[in-house]
1. Just the residues that are under 20 Å from Phe20 (Cα atoms), outside any loop (DSSP other than H, G, I, E, B) and touching a strand residue (DSSP E or B) at 6+ places or on another chain (Cβ under 8 Å), please, taken from the stretch 99-130.
2. Tell me, which residue of the stretch 33-49 that is open to solvent by 50 Å² or more (accessible area, probe 1.4 Å) and of a type in the set (A, V, I, L, M, F, W, C) is farthest from the chain's Cα centre (by Cα)?
3. Can you find a residue in the stretch 120-138 that is surrounded by fewer than 17 Cβ atoms within 10 Å (Cβ to Cβ), at pLDDT 75 or above and within 21 Å of Gly11 (Cα to Cα)?
4. Among Ala99, Ala60, which is the only one that is of a type in the set (A, V, I, L, M), touching a residue at least 24 places away in the same chain (Cβ under 8 Å), open to solvent by 40 Å² or more (accessible area, probe 1.4 Å) and on the phi < 0 side of the Ramachandran plot?
5. Quick check: anything in the stretch 63-83 polar (S, T, N, Q) and assigned to a helix (DSSP H, G or I)?
6. Take the residues in the stretch 32-62 that are touching a Lys or Arg at 6+ places or on another chain (Cβ under 8 Å) and polar (S, T, N, Q), then tell me which one is nearest to Asp105 (Cα to Cα).
7. Kindly establish whether His52 is open to solvent by 60 Å² or more (accessible area, probe 1.4 Å) and in contact with a Ser or Thr (Cβ under 9 Å, 6 or more places away or on another chain).
8. All but one of (1) surrounded by 14 or more Cβ atoms within 10 Å (Cβ to Cβ); (2) closer than 25 Å to Arg133 by Cβ; (3) out of contact with any Ser or Thr (no Cβ under 8 Å at 6 or more places or on another chain) hold for Arg78; which doesn't?
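The values are calculated or read from the model by the stated rules, or taken from the named source; none is laboratory data. These numbers come from a predicted model, not from an experiment. Cβ atoms come from the backbone with ideal geometry, glycine included; neighbour counts cover every protein chain shown. Keep in mind that these areas ignore ligands, DNA and RNA; they rest on the heavy atoms of the full protein, side chains included. Shrake-Rupley method; radii C 1.70, N 1.55, O 1.52, S 1.80 Å.
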Amino acid sequence: ARMPLRLREIGASAGLNLRFDRFGYDGGNWTWGDLASPLVLRNSVASGAPAHLNAQLSIADRRGCDLHPLDMAKEEDRIALQSFVWADQHDRFERLRCALEAIGDDPAPLDADDLYAWLERTADITPGSLRWRWTLIARCASTHLRAGKEIRHVRHRYSTRSSPSSIAIGRRRSLSLN
């Protein structure tokens, strides 16, 4: 049986990544997701395709945290998010506009919270589900060291509660703004 995903994002800003299943993905020789979505991300790969493209995802819940999250249900926050894109970056602005259209009036739930308190509060284990927690890594060394130490502490503390039907995974990604 497939386990439903419980998505958690640290530093979620507007929570767009938490709605990744609303977008389409086209790798040239493979596709995944909603190709009728306003946002279809295109990528050229030299060869091959990601494994398990035909797997059905079941997302039990999704939640993010940020010190100052933007609420995509509010027009002023959508405008603020768009203002962060440089004026000469037309392609990026268009991708953002399409992402906002794709999430419509159903943004991901976000908590305005300190990372450490939020990790502690959301580190619970739900039997029969797979928790996928990720963060986009910023380029601030002192923050990384403190955050990494706290994430390892919380992960270790709650890993002893895991069972074969409940697995926690931490994932780091680098964000390329190009």
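1. Selection gives Leu110, Asp111, Ser129, Leu130.
2. If we take residues in the stretch 33-49 being open to solvent by 50 Å² or more (accessible area, probe 1.4 Å) and of a type in the set (A, V, I, L, M, F, W, C), then Ala46 is farthest from the chain's Cα centre (by Cα).
3. The answer is yes; a qualifying residue exists.
4. Ala60
5. Going through the stretch 63-83, the residues polar (S, T, N, Q) turn out to be 82-83.
If we keep only those that are assigned to a helix (DSSP H, G or I) too, we end up with 82-83.
Yes.
6. Ranking the qualifying residues of the stretch 32-62, first place goes to Ser37.
7. So His52 fails the test.
8. Going through the list (1) surrounded by 14 or more Cβ atoms within 10 Å (Cβ to Cβ); (2) closer than 25 Å to Arg133 by Cβ; (3) out of contact with any Ser or Thr (no Cβ under 8 Å at 6 or more places or on another chain), Arg78 breaks only (2).
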